[in-house]
Amino acid sequence: MLKKVLIKLVVVSVLFVLTGCQSSQTTNISQAWEQYKTRFVMPDGRVIDTGNNNISHSEGQGYGLLLAVRNNDYATFDAIWRWSQENLQVRQDKLFIWRRRPGILLKDEDMNNASDGDIIIAWALLEASQKWQKPDYQTEALGILHDIKAKLIVSWRGLAILLPGAFGFTHENSTDINLSYWIFPAFSLFEIYDNDPVWRKLQESGVILLQQARFGLWKLPGDWIKLKQNNTMSVTKNNRFGYDAIRIPLYLVWGQQASSLLDPYSDYWSFYGQYTPAWIALNQPVMDAYGAGDGIKAIKRLVMAIENKGAFGETKTLPDQDYYQSTLFLLSQLCYQQVSG
C-alpha cells in the first residue's frame, strides 16, 4: 500500500514538472489557441494541414490533443481523440496510420504508421488522464506504448533505436531514422507510467546520436539519417537540416537535456543574425534564400533565450501562417513557459 502511494506521489510530482504551471499557460496562449482551433481544427476533430493539401495526419492529431489538454479544453480534446480513433487507429494494432487525405477511401490509404504521431498522441493521452481523471485515456496510452515497443524499437551498436514507422526503414545494410522523432519530454513521462527501462534507453540513445550526427559547416543533424552496418552514419533523403530536424532543439529544451546539445543550433542562428533560414544543406554550400516562417523563428528564439543570447518575446496572437508554422509557434510558447517557470 505504501509503495502504491509513493508511486502516485512521484507521478503527480513529475507531471507537475513536465506540464508546468497550467494557469500561466492558459492565460498566455488561450487566445492563440482559439485562433488555432478556428483555422485548423474541424468541428468533427480533424486537424488539417493547410500547407499540405489539407491532409490530416497522426502528428497533427497528436499536436492538437497536446494543445487542447494544455489549454484545459476537454471538448476539443475529446473530438480530436474520437476522430483519430475512428480514422487513423485502424490497423491491427494500437498504432495510427500516418495520413488521411480528403476524399480518399481508407482502402486506398497507406497503412504504415509514423512513430512521432504515435508518441505525441500517447503523451497527450497520459496528460489528459491525469488532468481530467480519465483512467481510460491512460489505458489507451499504455496500449500504444506496448505496440511502439513491440514494433518500432530496434538496436544499432547497442543503442535503442526508434524506427520512423513499422515498414520501409530497415534495409539489408542500413536503417533510416529521423532524430526529430526522439521526443524527450514524452519519453520522460512514459518512463513514469510504463516503468520500462526502454524509455530511459531511448533518451540516452538520442543524446548519443545527436552528439555524433553533426554534419556540414555548423555540425547540425539532418532531417533524415542513415545508420550503416559498418557503424557509421550519413545524412540521407533531402540532406538538409530543415523542416523535420527543426523540432530537435525544441524537444531538447522541453526535455531539459544538456544545454551543450543546443550549441550547434545557437551557433548556426547567431551567425546569420536577424535572418533565419528555413533550411540549410549539409553536404553542399546551399541554403534557403526566402527565410523561415514564424514557427521556426519561435524555436530559434526559444533556444537563444535558453542560451541567454536573446529574449523569447511571447505573444498571445497566432501568426497568420500555415498549420505547421502555427503549431511550432504554439509549441514553442508552451515549452518556454514550462522551462522558464
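Within region 117-142, residues that are more than 13 Å from A68 (Cα to Cα) sit with their Cβ atoms under 6 Å from residues that are part of a helix (DSSP H, G or I) and modelled with pLDDT under 95, at 6+ positions apart or across chains, in these pairs: Q130/L15. Scanning region 311-321 for residues that are free of Cβ contacts under 8 Å to residues at least 12 places away in the same chain and more than 18 Å from E34 (Cβ to Cβ) turns up at least one hit.
Per-residue answers, yes or no, for (1) surrounded by 19 or more Cβ atoms within 10 Å (Cβ to Cβ); (2) of a type in the set (S, T, Y):
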residue	(1), (2)
K237	no, no
R240	yes, no
Y243	yes, yes
I246	yes, no
S260	no, yes
P264	yes, no
S270	no, yes
P285	no, no
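Kindly indicate the residue of region 304-341 that is modelled with pLDDT under 95 and either β-branched (V, I, T) or touching a strand residue (DSSP E or B) at 6+ places or on another chain (Cβ under 8 Å) (or both) and also farthest from V47 (Cα to Cα) among those meeting that condition. Only one residue fits best here, namely I306.
Scanning region 276-286 for any residue that is of a type in the set (V, I, T) and either under 22 Å from A160 (Cα atoms) or touching a strand residue (DSSP E or B) at 6+ places or on another chain (Cβ under 7 Å) (or both) turns up at least one such residue. Is it true that some residue in region 195-209 is in contact (Cβ under 8 Å) with a residue 12 or more places away in the chain, more than 25 Å from A150 (Cβ to Cβ) and hydroxyl-bearing (S, T, Y)? Scanning region 195-209 turns up no residue that is in contact (Cβ under 8 Å) with a residue 12 or more places away in the chain, more than 25 Å from A150 (Cβ to Cβ) and hydroxyl-bearing (S, T, Y). Here is the figure for region 295-321: residues that are surrounded by 17 or more Cβ atoms within 10 Å (Cβ to Cβ) and in contact with a Ser or Thr (Cβ under 8 Å, 6 or more places away or on another chain) total 16. On the stretch given as region 277-303, residues that are assigned to a helix (DSSP H, G or I) and not basic (K, R) total 7.
The values are calculated or read from the model by the stated rules, or taken from the named source; none is laboratory data. Keep in mind it's a predicted model, so treat the numbers as computed, not measured. Quick reminder, even Gly has a Cβ in these numbers, built from the backbone with ideal geometry, and neighbours come from all protein chains shown.
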